[in-house]
Amino acid sequence: MSQITWESKVAHPNGVHCRVAAQLTEIVATHDAEVRIIISPEETVDCASMLEILSLALIQGSRVAFTAEGPDAEQVAKAIDQLLSDREAS
């Protein structure tokens, strides 16, 4: 099983708002991988939960560490990185 860890930077001027969080959870739902945001070595947030993502209040410029495990780990990482680096994400 494939596992990957990466960091993405939030580019959207409004940060990770409801629509971006919804798109993020949709990306996770359509890939065969468990994706988590790494808060600290002991704490992570499930990227399948829009509420957990929104609770982080990620603003423009935030650097977010992720881990993904599963057959689609690399594909989900690319899709999430592309979403968060898009200044125009709706």
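Structure values in brief
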item	result
Whichever residue in the range 38-48 is in a loop (DSSP other than H, G, I, E, B) and in contact with a helix residue (DSSP H, G or I) (Cβ under 9 Å, 6 or more places away or on another chain) and, among such residues, is surrounded by the most Cβ atoms within 10 Å (Cβ to Cβ)	Cys47
Residues of the range 23-37 that turn out to be out of contact with any Asp or Glu (no Cβ under 7 Å at 6 or more places or on another chain) and either of a type outside the set (Gly, Ala, Ser) or surrounded by 14 or more Cβ atoms within 10 Å (Cβ to Cβ) (or both), as a count	9
Meets criteria (within 11 Å of Leu84 (Cβ to Cβ), within 11 Å of the chain's Cα centre (by Cα) and surrounded by 15 or more Cβ atoms within 10 Å (Cβ to Cβ)) for Val16	yes
Scope the range 49-79; condition surrounded by fewer than 15 Cβ atoms within 10 Å (Cβ to Cβ), under 18 Å from Trp6 (Cβ atoms) and either touching a Cys at 6+ places or on another chain (Cβ under 8 Å) or not charged (D, E, K, R) (or both); matching residues	Gly61, Ala65, Pro71
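Bear in mind these aren't lab numbers, they're just calculated from the coordinates by the rules spelled out. Everything numeric in this text was worked out from a predicted model, so none of it was measured. Every residue, glycine among them, receives a Cβ derived from its backbone with ideal geometry; neighbour counts consider all protein chains shown.
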